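So the structure is just underneath, and the comments pick up after that.
Any read-out appearing in this document is the output of simple, stated calculations on the displayed coordinates, not a laboratory observation. Source: prediction; values computed, not measured. A quick note on method: Cβ atoms are made from the backbone with ideal geometry, for glycine too, and the neighbour counts reach across all protein chains shown.
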Amino acid sequence: MAQGNQYAANFRDSLVYEKSFVSKLSDADAEQYETEHWIETALDCAYVTEKEARALIDRLAEIGRMLNGMIEKADSFCSIGARTLREETEEYLVHAEA
């Protein structure tokens with residue numbers, strides 16, 4: 001869980017810097033290709049059926065298309081900048097009772 005939280009934090013920070021954002025998306029795309037390899041390996045070893053493998057690989061292809069679409073439009077994601085990634089500062093007042 002800590003690894004996933006760290007990835008999410010790094011990804012969020014990358015929205016400020018387009019090159020970093022694209023790098024994170026490229027890493028994710030590479031991971032989906034690696035996952036496809038392991039699904040094919042699982043199929044070769046008869047751990048999954050052809051139908052199960054095809055369904056998973058089809059989902060990975062869709063994920064790949066989404067990632068590539070985000071890479072192609074990285075500027076539109078990163079243009080939001082830090083201003084929308086953080087909440088506005090609020091004044092919190094504590095009134096001590098006399």
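Which members of region 23-80 meet the condition of being assigned to a helix (DSSP H, G or I) and of a type in the set (S, T, Y)? Walk me through it before giving the result.
First, the residues of region 23-80 that are assigned to a helix (DSSP H, G or I): 23-44, 50-72, 74-78.
Correct list: S23, S26, Y33, T35, T41, S76.
Among the residues of region 16-44, write down those that are under 17 Å from I63 (Cβ atoms), surrounded by fewer than 12 Cβ atoms within 10 Å (Cβ to Cβ) and among the charged types (D, E, K, R).
If the condition is that a residue be under 17 Å from I63 (Cβ atoms), surrounded by fewer than 12 Cβ atoms within 10 Å (Cβ to Cβ) and among the charged types (D, E, K, R), then E34 is the only one that fits.
What's the number of the only condition in (1) loosely packed, with under 13 Cβ neighbours inside 10 Å; (2) over 30 Å from E18 (Cβ atoms); (3) of a type in the set (G, A, S) that A53 fails to meet?
(1)
For every residue, the table says whether it meets (1) under 15 Å from the mean Cα position of the chain (by Cα); (2) among the charged types (D, E, K, R).
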{"residue": "D27", "(1), (2)": "yes, yes"}
{"residue": "Y33", "(1), (2)": "yes, no"}
{"residue": "I39", "(1), (2)": "no, no"}
{"residue": "C45", "(1), (2)": "no, no"}
{"residue": "A55", "(1), (2)": "no, no"}
